[in-house]
Amino acid sequence: MIQKKKSRRTAHFFLRFVPLLLLLWGCASTNKLNRDLAASPVPYIIEEDFSFQETADDSDPASRQGQSQKSAQNSLSDSDEEPGRYIFIRLYNPVYKNPFYIANILKAGIEITDLNEEKVSHSAINFSLDDNFYGLTFGGKLQLVEESCVNVDGHKYMGKCSPVKSAQVTYALKVTEDEYTSTKEFVEAYAQSTKVKYRAIENFKIAMFDIKRRFFTSKKNREFGKSKYLPLAKNRSDRNSDDFTENDFVCSTFIAFALINNIPRIADWFENHKINYRYVNVGDLIHIPGMTRLFSSTWEYYQIAAQAFVDEHPEFSEYLNN
């Protein structure tokens, strides 16, 4: 009887104080992305040297971010046969207007468990560099909607963030014309569906997996693609079905799901590494083969940063319209 009372008191302690500690951590922490931007003479950073790669060497973590030294046989940008198109992924470190906003618990949990040096807690996908990326968040009849870094008013999630203090980093994935069109149509179809939902409980599944990966897995098996994943979901949708076969996501798992179902080499990579998309956190997205960093900025300067990037890399000019 005494042991049961002690167990209940212990459980009550964790239920009451752990969320509070995470909330305070989220309020006080300063992200590397924000620190780098604060040290920059302008409120954005343009990547000077990058190349796009179709494949990646698992022995080199940097190559999985598309940031290794240029290789003629692997780089899609060197191919004369396929000019290619670009899909853009935007990752966020949001700073909330109310420091005690409940989402700070999630943010703090990510910062504690995430193995990536740069901690990010939200993600979105787009097919241009315009400030209207598709992001999945809670609230509203439609939950996969366009979101703006600059104009946050009217968005149930983005509106709670400070564009002056929040930061973003934009990546690109080079694909074929068919892959680009297929992924765009796939995302737009999901954006029009009222069945697609942001399931917060999925974040706890990811958190438990990341705790195991960080604290109870050998260092050589911690990297994305080397951990053992639970086979709890199909990575691929039934494209012959008249309805969506998967509807419950968080922001990062939806992006992984969209890429898997439309880009064969990424689907094969996930399959070969036995990765379950439901355990992909926001920071893991940068390790998908070919994902290449373009630029970072505070939210309020996103459009200026995008324009500065295009000015330096005019081959991307067709992707920027606003």
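The values are calculated or read from the model by the stated rules, or taken from the named source; none is laboratory data. Since this is a predicted model, take the numbers as computed values, not measurements. So basically every Cβ, Gly included, is an ideal-geometry build from the backbone, and we count neighbours across all protein chains shown. Accessible surface areas use protein heavy atoms only, side chains included; no ligands, DNA or RNA. Shrake-Rupley method; radii C 1.70, N 1.55, O 1.52, S 1.80 Å.
Anything in region 151-197 that is closer than 20 Å to Pro43 by Cβ and either open to solvent by less than 40 Å² (accessible area, probe 1.4 Å) or basic (Lys, Arg) (or both)? List them, or say none.
Val152, Met158, Cys161, Ser162, Pro163, Lys165, Ser166, Ala167, Gln168, Val169, Thr170, Tyr171
Whether any residue in region 66-84 is under 29 Å from Glu48 (Cβ atoms) and either at pLDDT 75 or above or part of a strand (DSSP E or B) (or both) is what I want to check.
Checked against the condition, which is being under 29 Å from Glu48 (Cβ atoms) and either at pLDDT 75 or above or part of a strand (DSSP E or B) (or both), region 66-84 yields at least one hit.
Please find, among Pro289, Pro314, the residue that is of a type outside the set (S, T, N, Q), open to solvent by 30 Å² or more (accessible area, probe 1.4 Å) and within 27 Å of Thr176 (Cβ to Cβ).
Pro314
Please go through region 91-127 and give me each residue that is assigned to a loop (DSSP other than H, G, I, E, B), at pLDDT 80 or above and open to solvent by less than 20 Å² (accessible area, probe 1.4 Å), ordered by number.
If the condition is that a residue be assigned to a loop (DSSP other than H, G, I, E, B), at pLDDT 80 or above and open to solvent by less than 20 Å² (accessible area, probe 1.4 Å), then Pro94, Val120, Ser121, Phe127 are the ones that fit.
Which ones in region 225-251 are among the hydrophobic types (A, V, I, L, M, F, W, C) and either at pLDDT 90 or above or closer than 15 Å to Leu285 by Cβ (or both)?
Phe249, Val250, Cys251
Report whether or not Phe254 is among the aromatic types (Phe, Trp, Tyr), part of a helix (DSSP H, G or I), crowded, with 17+ Cβ neighbours inside 10 Å and at pLDDT 85 or above.
yes
Against the condition open to solvent by less than 10 Å² (accessible area, probe 1.4 Å), touching a residue at least 40 places away in the same chain (Cβ under 8 Å) and under 28 Å from Asp248 (Cβ atoms), how does Leu294 come out, does it pass?
no
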